[in-house]
Structure formats: structure tokens, C-alpha cells
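Enquirer: Take this structure, written in C-alpha cells, and hold onto it; I'll ask about it next.
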Amino acid sequence: MTLVLTLTSDRLIYQLHPELVHQVEQLLSSKGATNYSNCWLAQGMAAEINFDGIPSDVALESVELFLEQVPVDKNIQKNVNRRKKMLLADMDSTILQIETLDEIGHAIGKASEIADITEKAMNGDIDFETALRNRVKLLAGLNINQLIEFALEKLLITQGASTLVKTMRANGATTALVSGGFTVITEIIREKLNFDLCYGNTLVVDSSIVTGNLKPPIIDGDAKAAILDKECKRLEIPKCDTLAVGDGANDIPMLAEAGLGVGFRPKPIVKNHASNIIEHCDLRGILFLQGFAENEFLT
């Protein structure tokens, strides 16, 4: 089969059912699809339809219109080379449900100032490095241990994150946490979820006090894409064997470079740049996109 349509949902909110999948198959057939067949990856949560005969954009537009009011993710890709050899994942609002800097802002009484800058950066209204430096200046004078404590108090790992990392590693993939957040947090998450690699920004600290500055290099959007390129060369794998996932504007270069770029509950600007979008399913949806069935997951 040339193309595969993956349908995923949060089965606690909406359970996929055979009748819906059959209706989608009939829709694709009416548009000219041939040789179509379906496969269930997880009952009530994930199914895929393989087909030939029509371009992916025609198929996706039709399916999106048909399922416009149904809380189901709809993604189409070529049915080749789906299981990737490297995962690069953003941290804040992707692997974590929170924006760590915003949570620190709440704890120190600067929530609105920091959150406003964060939102502008994630939507692409100001460049990431400028936004990051402006927010870090607001942390000056804070004890680094307090900063870590504030972030960890609100730590919420996104459903499916551990399963995603464990399953991909068990199938031979290298996993990397690639974040514009702080290394004092990213290292904790790397260890907690057992990522192979970890990249983040380093705060300048003097006698345990945050100075409000950062050590170079800055991990911004371009740096994330450069990390993907560097790790591909180190591992001697082509970019088509990579998968990147993120939600914000600073993830766009990385998503664009990857063989499979996934916008996870993405900001509006990201939707135009990611090859696939997951808004309803949790991070296990990234495994479904690679053709993994639920009975192959490691939890």
C-alpha cells in the first residue's frame, strides 16, 4: 500500500469504533482510493487504513472535513520506513504538561510577566532567544535549589511519555530530550524517563544564586535542528529515520528537518509546519503513527 491513514483518539473521551473506520474507508473509495484495508492498533483508540489511488492531500482534506466534529486525530503518510531510529522530543508542553518557566514565575510572583513572554515566543511573535533572555532576567536573585523545587512541585509528565521512550528504545531507537528549558530540570526529566541524551540551556549561577544570565550556546529553534543534524551524523543514520515532536514555534526547524515531524497539541503557527498533528491522543499516538500496536508497548 502506498499511503496509510492513522486515526487516534483519547478513548476516555471518544472511542473509535469499526463503523466509523468503515465510513472513512467508503469515503476514501468515493474519492478514488483503491486496495484499501484497515488494521486496529488499539481497540477504541487507534486504527489505520492503508490505501492507494489518490494523493495524500486529497485524502486528508476529505477525511478532515468528514470528521471535523469528531475528536479524532487524522494523519496520512507514506507507508514506508515508519519505525524511526531516533526520537527528538521537546520538554515543556510536550513531554511535560507544564511550561516550567511559567510555573517558576507563579512561585516567585512574576507569573503574568513570564507567561506573557512565553506565549509570544511559542506563537512566534518574538524570537525565542530574546524571550528566553528576558524571562531569565526575571529570575535573578533566586536560589537555584529553590528554582528546582518550584518546578518539581508542579511537575506533570504527559500521559504516554514513558511508554513512548521505553518502546522506542526497546526497538533500537536513540532518544533525546531537546529543550529550550534549563538543564537543571532537563537532566531530572532525562533520568526519570531514561532518555539517552539531553540538551537544554544552562543558567549562570554564582554561589547558588541565579544571576539572570545564560551560558552559551543557547538552545533555540535553529539549535534544535542543528542537534538533529549532529546526532544523525554521529549515529550514521539519514534524517528520514528521525522523528521529532514539539508544540511551539521554536520546534518548527526541528520538525521540518525530521523524517516525521509531529506537532503535539501544537500552537497554531506549528500546524503549518508539522507533517503530522496529534491533538486528541496522548504521546502514545506517536507510536501509533509508526505502526506500533498497543500490545507492543512497554509500560
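The values are calculated or read from the model by the stated rules, or taken from the named source; none is laboratory data. Fair warning: this is a prediction, and the values are worked out from it, not measured in the lab. Glycine gets a Cβ as well: all are built from the backbone with ideal geometry, and neighbour counts include every protein chain shown. For accessibility, only protein heavy atoms count, side chains too; no ligands or nucleic acids. Shrake-Rupley method; radii C 1.70, N 1.55, O 1.52, S 1.80 Å.
Enquirer: Going through Glu19, Glu48, Glu25 one at a time, which residue ends up being of a type in the set (D, E, K, R) and either open to solvent by 50 Å² or more (accessible area, probe 1.4 Å) or at pLDDT below 95 (or both)?
Expert: Details: Glu48 fails: either open to solvent by 50 Å² or more (accessible area, probe 1.4 Å) or at pLDDT below 95 (or both); Glu25 fails: either open to solvent by 50 Å² or more (accessible area, probe 1.4 Å) or at pLDDT below 95 (or both).
Going through Glu19, Glu48, Glu25 in turn, the sole match is Glu19.
Enquirer: Taking only region 28-45 into account, find how many residues are touching a helix residue (DSSP H, G or I) at 6+ places or on another chain (Cβ under 7 Å) and either acidic (Asp, Glu) or open to solvent by 50 Å² or more (accessible area, probe 1.4 Å) (or both).
Expert: Of the residues in that region, 3 qualify.
Enquirer: Now, a different point. Given Ala249, Ala244, Ala274, which one is closer than 21 Å to Leu60 by Cβ, buried (at least 23 other Cβ atoms within 10 Å of the Cβ) and touching a residue at least 40 places away in the same chain (Cβ under 8 Å)? Break it down stepwise before answering.
Expert: On the way: Ala249 fails: closer than 21 Å to Leu60 by Cβ; Ala274 fails: touching a residue at least 40 places away in the same chain (Cβ under 8 Å).
On inspection, the qualifying residue turns out to be Ala244.
Enquirer: Within region 228-240, work out how many residues are open to solvent by 10 Å² or more (accessible area, probe 1.4 Å) and closer than 13 Å to Ala256 by Cα.
Expert: The number of residues fulfilling the criteria is 3.
Enquirer: Shifting gears a bit: Given the options Thr202, Thr175, name the one that is within 19 Å of the chain's Cα centre (by Cα) and open to solvent by less than 60 Å² (accessible area, probe 1.4 Å).
Expert: Working: Thr202 fails: within 19 Å of the chain's Cα centre (by Cα).
Every option except Thr175 fails the conditions.
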